[in-house]
Structure formats: C-alpha cells, structure tokens
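The values are calculated or read from the model by the stated rules, or taken from the named source; none is laboratory data. As the structure is a computational prediction, the values presented were derived from the model and not from experiment. Using ideal geometry, Cβ is built from the backbone for each residue, glycine included, and neighbour counts are taken over all protein chains shown. SASA here: full protein model, heavy atoms, side chains in, ligands and nucleic acids out. Shrake-Rupley method; radii C 1.70, N 1.55, O 1.52, S 1.80 Å.
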Amino acid sequence: MLSGALAMAGAQARSDLSAEDAERVRKITAPTADFSSPEAFETMQAGAATVKKLINADIFSQPSANMSFEGRQQFLVGNGLFRKDWVSAPSSTQASDGLGPLFNARSCQACHVKDGRGTAPGFDPLEQSEAVALLMRLSVPPTTDEEKRALRAGELAALPEPVYGHQLQNFAVAGLPSEGRLVVDYAPLQVALAGGETATLMQPSYRIEDLNYGPMRADTQFSPRLAPPMIGLGLLEAIHEDDILANARQDKGDGVSGKPNWVTDLRSGKKVLGRFNWKAGQPSVEQQSAAAFSNDMGLSSPLFPSHYGDCTPAQKACFDMPHGAQPHLGEHEVPARLMDFVTVYSTNLAVPQRRDVDDARVLEGKKLFYQANCVACHVPKYVTRRDAKQPEHQFQLIWPYTDLLLHDMGEGLADGVGEGQANGREWRTPPLWGIGLTKVVNPNATYLHDGRARSLLEAVLWHGGEAQAARDRVVNMSPAERADLIRFLESL
C-alpha cells in the first residue's frame, strides 16, 4: 500500500501544483480499500481523453475525446503517415521514398496492428511467417576501458554488434541482401495451479538463419522485442516525474523496488527519466517514434539524421544505396513537420472506456489484484501535469496501472541484455489499460515483451524476481478466484 506521507511528499514536490491542489491529488490517487463498488471516475481510464465508442477492431485507433477540431485534423494527417507504406529511393512518390536500405517493416502500422500489439511468429508451425512486429535487438559486452566508460557515463545505452548493428533487419531494398531471418520455436512448460488446474506456458527459443554479412561476434547478446500497443502514450508522458520517482522511494513490500532508467533526451542533450519501450530506454513519444523510423525503417528525421538507419561500416554496400531526402522537402526523409504530425497522432491514440466496472466478479477480481500486491508495480492511478505539453493531457485523472519503473522480473523473462541503467533481468512495468481489448483489436496478439504468453494468465505465471510473491499468490488462488482476477484484467 502507498504510504500517505510519501505520496503527499511526492505530490507537494510537483512544481505544477499549489499546496491545495497537491492535497487533492494525494487524496484522489490514494489506493482504495473499498471493493464493494467502483471508484469515482474509474470508468474513464484516460480522464476527459477517454473514448466512448462501440467496441470493435478499430477501438485503439480513435483520437483523444477532448481534442480540438484543429488537433483532430493533425491527428488524421499523422494517422495517414503512420499507416502509409514507404518505398525505396529513388521513386516517383518522392514524399514516401527513402525506405531502408535495411529495414524491418514498411510502415508503423505493420508492427503495431491497428495501433495495438504486434503478432509474434512461430506459434503456428504450419505458418512460419516473417518476424515483422518481433524485433531482435543486438548488443555486445564492452571489451575496452573506453567502451566501459561510455556505458557507465550513459553516453551509450548499449554497444552494437560490429557487423549487424543494434538490430537484426530481415528485409532490404532491391540490390542489397537482408541481414538474416529470425526464427522462433516454442517448447511447452507445465505449471501446476491450486485447485487441480494446470497451465501450459510456451518457452521460446530463438535462432537467426541466413546471415548474409558473415558471422556475428561470438558473445552477441539477443533481446527480442514485440511491438506494444500505442494507446495513452501522451498521458504517460504527462505524468509528473516526481510522482514516478515517489514510487521508486516507497516500500512496496515483497522486495519490490522500482528503479528509474535515466536516458539522454536528444533535444536537450540532458539526462532525463526514461518512460517508453520495454526497458524505459526512451524519454518521449517523439524520440521513441523517431528511433523507430530510423531503426525499423531506415528513415532519417531531425533527431536521427542518418539516411542509412542501422547500417554499419562493415556493410559498405548499404551506404552506397540512394536515400530519399529531397532538397525541396528538407534534409531528412521524415522532415520536422511530418514528425510533428506523427507525434500528435502517437500521443493522442485514446484509451477506451472501462467495461463492467460494477460487476460483482470484476470487483472481486480487483480486490484480489490488490491483495496479491500486483499494485506494487502496476500503480493504478495518477493526475497528470497541469503544464503538460498538449492541452488534451493536462490535469487528467488517469488509470494506466503502471509505475513506469524498471523491475527485476526473474530469470524466466531475463534477456541478459542491458540498456542504460536497465540490466538483463529488468523490464519497465507495462501499462494495463486497454489490455482486455487486446484480442478484439488483433486476434493473433499475445503478451509480454516477446509475445510468449498466449493469455493473461500465462503472462502472470511468467512473472518472477520482484513479482515472484505476487505470482505465487495467483498460483495459490482457487480456480474461481483466478477467474475473477482475469475478469478484472479483461475489464481494463
């Protein structure tokens, strides 16, 4: 449970609030102890930005409900850019060329299916589809004093593999070989549950075939990353840093100790709090989006100006390929104005309204969620900054169920790969809002950082490390209690 004194201290530290407002925020964001009925405003997960629409496959693609007319027009332009397929240069469609030379996808939407989770390959042995939404990050441990110093100083988040760079790219433009092909296999793993039930987890194993630029370094580290849902990102960016750091200072019980990841803001050059991607390695939606344009599609932008994405000096032919920057459009393939449209879109994909909040079984599941201490990491609610960048995000009571901090999740989920202050066992707590609609948006979607969990229960059972005690409480619940817990998660 939250310490009232610490929560109040965190609220009072906020530069955007008066003492009176800080006290109001403290009271409204305090954890509930009453599970007999829904909390006030609980249905509106994203405050006034919450979308109230008929639930269908497009529910994650709606704009914030409180956007102005002008904002909605910018959102629609950004939507077009997010969905459009980029092509290689030179092309007659000059505003859409510059893809690659090496890439993972032709569009943002190809990974974030309908703005939700991507599809992990390998579950259907009869259909070994290309890994598009599942990326394989590559890194190597430091071998020199200078490399160790640069990592310690935060000048580098990770060291790239010398030949293949930061990320395996399984596609290339015509005339250039791709880097290789990611293949995923799964082995069943049985878990006994109280009440005589059994769950089957799927243990993934990864291999890279058809390497076209020679062998990788023998000590290469691999980290699979599945494209996450896009909803509510602007509101997560609008949570005050002091509220996030207050969570890191609190005693949550069960050995839970959230840790911030401090990363470089490319606009200011300063170290700031990381909030986005699976290890909190990016500070803002804009920078995360620009990094994806660069690494996933090989497209330059003001924050990532290279026209050649993740090409390395060992891939000389990559740098000989033409790029798509046009003198009359600017020096980047994704100019600043287009980047602004994409950022408006990505920060205003709305969170859907909660469902069944007053259902007795959902309320019982919520109680069990608290009793299991899932809220130690999945912190239910915040009030966003009064001075948030966009008016849609200012001073909203939101319910994302995350602390945006790093946690040791145990050996079962470990990738062994560091990223900034995150070590090989640590992951950022993912938000849970909208998780109950995951398969409405993408019926083939799965859960966790690499998509290994086919159900919400499987995702819970993979938790270890700091979450081991909470996971074990779920294992020891009766079948009816576990079903109620899942009902609660499905209502988010």
**Prompt:** Which one of these does ARG267 not meet: (1) of a type outside the set (Phe, Trp, Tyr); (2) open to solvent by less than 10 Å² (accessible area, probe 1.4 Å); (3) part of a loop (DSSP other than H, G, I, E, B)?
**Reply:** (2)
**Request:** Please work out if ALA388 is among the hydrophobic types (A, V, I, L, M, F, W, C) and surrounded by fewer than 21 Cβ atoms within 10 Å (Cβ to Cβ).
**Result:** yes
**Request:** Return the only residue of GLY365, GLY410 being touching a helix residue (DSSP H, G or I) at 6+ places or on another chain (Cβ under 8 Å), more than 30 Å from SER139 (Cα to Cα) and open to solvent by less than 30 Å² (accessible area, probe 1.4 Å).
**Result:** GLY365
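How many of the residues in region 49-62 are over 19 Å from the mean Cα position of the chain (by Cα), touching a residue at least 12 places away in the same chain (Cβ under 8 Å) and open to solvent by 20 Å² or more (accessible area, probe 1.4 Å)? Write out each step before concluding.
Step one: filter region 49-62 for residues over 19 Å from the mean Cα position of the chain (by Cα), giving 49-58.
Applying the additional criterion that residues be touching a residue at least 12 places away in the same chain (Cβ under 8 Å) yields 49-53, 55-58.
Now narrow it down to the ones that are open to solvent by 20 Å² or more (accessible area, probe 1.4 Å): 52-53, 55-58.
Number of matching residues: 6.
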**Complete:** Per the list (1) farther than 20 Å from ASN423 by Cα; (2) touching a helix residue (DSSP H, G or I) at 6+ places or on another chain (Cβ under 8 Å), residue check on LEU156 breaks on (1)
**Flag if VAL357 is under 25 Å from ALA65 (Cβ atoms), surrounded by fewer than 23 Cβ atoms within 10 Å (Cβ to Cβ), β-branched (Val, Ile, Thr) and out of contact with any strand residue (DSSP E or B) (no Cβ under 8 Å at 6 or more places or on another chain)** = yes
**Complete:** Note on region 225-249: residues closer than 26 Å to ALA158 by Cβ, open to solvent by less than 20 Å² (accessible area, probe 1.4 Å), part of a helix (DSSP H, G or I) and not β-branched (Val, Ile, Thr) are LEU236, ASN247
**Request:** Check whether at least one residue in region 250-259 is surrounded by fewer than 20 Cβ atoms within 10 Å (Cβ to Cβ) and outside any loop (DSSP other than H, G, I, E, B), and report yes or no.
**Result:** yes
**Message:** Against the definition (open to solvent by 10 Å² or more (accessible area, probe 1.4 Å) and of a type in the set (D, E, K, R)), how does ASP403 come out, yes or no?
**Reply:** no
**Odd one out for LYS53, checked against (1) out of contact with any strand residue (DSSP E or B) (no Cβ under 8 Å at 6 or more places or on another chain); (2) of a type outside the set (Gly, Ala, Ser); (3) modelled with pLDDT under 95** = (1)
**Request:** Read through the list (1) modelled with pLDDT of 95 or more; (2) buried (at least 20 other Cβ atoms within 10 Å of the Cβ), then give the number of the only condition that SER88 fails.
**Result:** (1)
**Asked** If you check GLN94 against the conditions, is it under 29 Å from PHE395 (Cα atoms) and open to solvent by 10 Å² or more (accessible area, probe 1.4 Å)?
**Response** no
**Prompt:** Counting just the residues of region 425-471 that are free of Cβ contacts under 8 Å to residues at least 40 places away in the same chain and assigned to a loop (DSSP other than H, G, I, E, B), which one comes out surrounded by the most Cβ atoms within 10 Å (Cβ to Cβ)?
**Reply:** SER455
**Fill in**
Residues of region 472-492 being hydrophobic (A, V, I, L, M, F, W, C) and assigned to a helix (DSSP H, G or I), in sequence order, are VAL474, VAL475, ALA480, ALA483, LEU485, ILE486, PHE488, LEU489
**Message:** Being small (Gly, Ala, Ser) and open to solvent by 50 Å² or more (accessible area, probe 1.4 Å) narrows it down to one residue among ALA336, ALA372, ALA325; which is it?
**Reply:** ALA336
**Asked** Where in region 120-224 are the strands (runs of 3 or more DSSP E), entirely inside, with at least 1 residues that are in contact (Cβ under 8 Å) with a residue 24 or more places away in the chain, β-branched (Val, Ile, Thr) and crowded, with 20+ Cβ neighbours inside 10 Å?
**Response** 181-192
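When region 19-28 is examined, which residues are found to be within 27 Å of VAL362 (Cα to Cα) and open to solvent by less than 30 Å² (accessible area, probe 1.4 Å)? Full working, then the answer.
Pass one, region 19-28, residues within 27 Å of VAL362 (Cα to Cα): 25-28.
VAL25 - this is the single residue of region 19-28 that is within 27 Å of VAL362 (Cα to Cα) and open to solvent by less than 30 Å² (accessible area, probe 1.4 Å).
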**Item:** Sole residue being in contact with a Pro (Cβ under 8 Å, 6 or more places away or on another chain) and either under 30 Å from GLN326 (Cα atoms) or modelled with pLDDT of 95 or more (or both), chosen from GLY274, GLY269, GLY281
**Value:** GLY274
**Request:** Can you work out which of the residues in region 77-93 that are assigned to a helix (DSSP H, G or I) and in contact (Cβ under 8 Å) with a residue 40 or more places away in the chain is farthest from PHE293 (Cα to Cα)?
**Result:** VAL77
**Prompt:** In region 289-305, which residue that is in contact (Cβ under 8 Å) with a residue 40 or more places away in the chain and of a type in the set (S, T, N, Q) is surrounded by the most Cβ atoms within 10 Å (Cβ to Cβ)?
**Reply:** SER289
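Do we find that LYS279 is assigned to a loop (DSSP other than H, G, I, E, B), basic (Lys, Arg), crowded, with 17+ Cβ neighbours inside 10 Å and in contact with a Leu (Cβ under 8 Å, 6 or more places away or on another chain) in this structure?
On the way: assigned to a loop (DSSP other than H, G, I, E, B): yes; basic (Lys, Arg): yes; crowded, with 17+ Cβ neighbours inside 10 Å: yes; in contact with a Leu (Cβ under 8 Å, 6 or more places away or on another chain): yes.
In short, yes.
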**Request:** Give the residue, chosen from LYS389, LYS381, that is among the basic types (Lys, Arg), in contact (Cβ under 8 Å) with a residue 12 or more places away in the chain and in contact with a Pro (Cβ under 9 Å, 6 or more places away or on another chain).
**Result:** LYS381
